[in-house]
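Scroll down for the structure; my scribbles are underneath it.
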Amino acid sequence: MENINLFCGISSLGMPFPKENKEHIGYYDIILSRLQNDGFNVSGFNMSKLNKNHTWDLEKALNENATLASIKNIQLQSIDSLRNANILFKLVVPKKFKNTIIINSSDHKNTLKNIYINSSNPIFLYHGGPNDFFTYIQAGPVELTDRKVREKLPKDIKPLIEQCISNVEKNWQLLHQLNPNTKVYAMSYYYSPLYDKIQKLIFLQEKMKNKNTKYVNKFMEVINIYNRMLQEAAEKYDYVEYCDITFLKDYCAPMDFHPNTIGNKLIADMLLKKIELQIGKENQTTNSNQSFRTK
């Protein structure tokens, strides 16, 4: 494999924090850097936003032939959106974070779709679906501490998870349709320790209302159902590989849902092993074919 195009979609950029990861290095950045250091000719394209990453965002970017400049502008807008949301994000998303997203003149001409279609070896790091779920229930993890918000939730959430997985599969199918050479690494969702704090607060609220209430970890239940469905979906496609990153529960940033510095490195290590194995197999196939032709 001489040239590699590394795409990262629907996944958070490396979140910056006051004490660690000040340079907002995410697993995508680590993988890109290591492959380049290993001598590969690698181009990287990160379509992720910092918030509101949905499966339909990726479809829109591909189907509407969005330019790289427009995608970067959306990333910049999402940073402002987070910083203006509340004081917590002003602490973890410094202003200088915007300065790392540079829009080049060529970004106004190049479109994501054309780059992807013309890529001979596209590798797609995929982490999507959970934000669709939060949109469907019209609440995020923190908002669920409000009893009034919880009262509006549907009793059966499984159909919503099924819809999220259906959305994810449509993304995979579109990626393969546009470029049959693609290899998709689909990452699971993980349980952040912050979910524990939120779940316990919810339990205490319910306990005050009904003393017979038993503790049920709804977050864990949803994540487990989602991951099982995601793995089953991935097994249907030979170009999709399911990647279990549930180990991140021990490597999340304090008071945040995102991986910490070690967490990002661990994701990168796992994905690099898979990518290197893929490269090795493809090189072996190429060498075998060339040897066969010379006989």
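Where a number appears in this text, it was derived from the coordinates with a stated rule and is not lab data. Since we're looking at a predicted model, the values are computed, not measured. Cβ atoms come from the backbone with ideal geometry, glycine included; neighbour counts cover every protein chain shown.
Here the Debye sum runs over all C-alpha atoms of segment 25-83 as equal scatterers in vacuum, and log10 of I(q)/I(0) at q = 0.21 Å⁻¹ comes out as -0.91.
Report which label in [x] 27, 24, 15; [y] 52, 30, 14; [z] 35, 22, 18 holds the value of semi-axes √(5λ) of the Cα gyration tensor in Å derived from the coordinates of this structure. Given [x] 27, 24, 15; [y] 52, 30, 14; [z] 35, 22, 18, the structure-derived one carries the label [z]. Between Asp38 and Ile225, what FRET efficiency follows from the Cβ-Cβ distance if R0 is 41 Å, with the result rounded to 0.05? For R0 = 41 Å, the calculated efficiency reads 0.60.
The modelled label-to-label distance for the pair Ile103/Ser166, using points 7 Å beyond Cα in the direction of Cβ, is 3.6 nm.
Using the alpha-carbon atoms, what tilt in degrees (0 to 90, nearest 10) does helix 158-178 show relative to the longest principal axis of the chain? That helix lies at roughly 20 degrees to the long axis. Taking the centroid of alpha carbons for each part, segment 128-149 and segment 40-67 are 23 Å apart.
Note on Gln173 and Lys209: their simple-model spin labels are 3.9 nm apart, each label 7 Å out from Cα toward Cβ.
Summing +1 for each Lys or Arg and -1 for each Asp or Glu among the other residues whose beta-carbon sits under 13 angstrom from that of Thr135 gives -2.
Computing FRET efficiency as 1/(1 + (r/R0)^6) for Arg150 and Lys274, where r is the C-beta to C-beta distance and R0 is 30 Å, gives about 0.20. Each DSSP beta bridge with both residues in segment 3-290 is either parallel or antiparallel, and the antiparallel ones are about 10%. Amide H contacts of Cys252 (H built 1.01 Å from N, in plane; Pro and chain starts excluded): Asn260 sit under 5 Å, all sequence-distant by 5 or more or on other chains. Counting beta carbons within 10 Å around each of His176, His258 and listing the fewest first gives the order His176, His258. Extension gain, Lys265 to Asn3: 0.36 nm times the residue separation minus the Cα-Cα distance gives 92.0 nm.
With a simple spin-label model that places each label point 7 Å from the Cα along the Cα-to-Cβ direction, the separation between Lys197 and Glu235 comes to 3.7 nm.
If you plug the beta carbon distance of Glu59 and Ser120 into 1/(1 + (r/R0)^6) with R0 = 22 Å, you get a FRET efficiency near 0.40.
Against the main long axis of the alpha-carbon atoms of the chain, helix 68-85 sits at an angle near 20°. Exposed loop sites here mean GluC sites (Glu not before Pro) with a DSSP loop assignment and at most 13 other beta-carbon atoms within 10 Å; the chain contains its longest site-free run at 65-234. In the chain, Cα pairs under 8 Å separated by at least six residues give a relative contact order of 21 percent. This model, with +1 at the C-beta of Lys and Arg and -1 at the C-beta of Asp and Glu, gives the chain a dipole about its Cα centre of some 840 debye.
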